[in-house]
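The values are calculated or read from the model by the stated rules, or taken from the named source; none is laboratory data. Just so you know, these numbers come straight off a predicted model, no measurement behind them. Positions of Cβ are backbone-derived with ideal geometry, glycine not excepted, and every protein chain shown enters the neighbour counts. The protein model used for the area step is the full one, side chains on, heavy atoms only, and it has no ligands, DNA or RNA in it. Shrake-Rupley method; radii C 1.70, N 1.55, O 1.52, S 1.80 Å.
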Amino acid sequence: MLFVRQAGTPGTRSACFPTDEPADAASLRKAERLRKAERLGPALAAAVTWVAPVTAARQTAAALGSEAADAPELAEADAGRWRGLPYAKVAETEPDGLAAWLGDPRAAPHGGESLARLAARVSGWLDAAAAEAVVICDVGVIRAALGHALGLGPLETARFDVAPLSTTELVPVRGGWRVAHVNRKVIT
């Protein structure tokens, strides 16, 4: 299972809670170059491709030359009323809520989905999905998949860096998953 973090968005660069927005043009040009990358091109051609149901993921798939199917389970956690807001603004206006969200994976002070719920949703999808697949999504889903593979909770997986357009690969093994690589930059 090869995960490709979707192309960057204005919100990615501004450190905002996820929302459905288009990828920026520079990131999509990089994605087009990825299609030709020796390590990624064959994987894209040979596997089923799934995308998070958001514009940037769909645009990334198109730039990679891949026809992809939406998988609602691959959506980022619903950030409720924080959707699209900069983290710094939430820290200023709702410090207790942000502290609860950062400290308790079951907390959803924003009225959306908790990180524990995201992890459960992604884990269920991962175990039911075919191993020969490419997944194009954002960072929270990749971290949840890594947590499932390694037996880590959402607070621990927040420590993984996963750059836009990097790859992370999980390989099925008896009774679970092995991590082949994390945050591999295919191009610079």
Which option, (1) 47, 41, 26; (2) 55, 31, 26; (3) 61, 31, 26, is the value of Cα extents along the principal axes in Å that was calculated from these coordinates?
-> (1)
What percent do you get for the relative contact order of the stretch 73-126 when only Cα pairs under 8 Å and 6+ apart count?
-> 43 percent
Taking every other residue with Cβ under 13 Å from the Cβ of residue 30 and scoring Lys and Arg +1, Asp and Glu -1, one gets +4
Aspartates and glutamates within cross-link reach of residue 185: Cα-Cα under 20 Å, excluding same-chain residues under 8 positions apart?
-> 24, 32, 38, 138, 161, 169
So what is the 222 nm mean residue ellipticity for the chain from helices alone, if each DSSP H run of at least 4 adds -39500 (n - 2.57) and you divide by all residues, rounding to the nearest 500 deg cm²/dmol?
-> -11000 deg cm²/dmol
How many Å² of accessible area per residue for the chain, probe 1.4 Å?
-> 48 Å²
Treating the beta-carbon of each Lys and Arg as +1 and of each Asp and Glu as -1, no other charges, what is the dipole magnitude of the chain about its Cα centre, to the nearest 20 debye?
-> 580 debye
Which percent of the accessible area of the chain is formed by carbon and sulfur heavy atoms (probe 1.4 angstrom)?
-> 53 percent
Peptide ranges 161-172, 47-58 listed from the most packed, as the mean C-beta count within 10 angstrom indicates | 47-58, 161-172
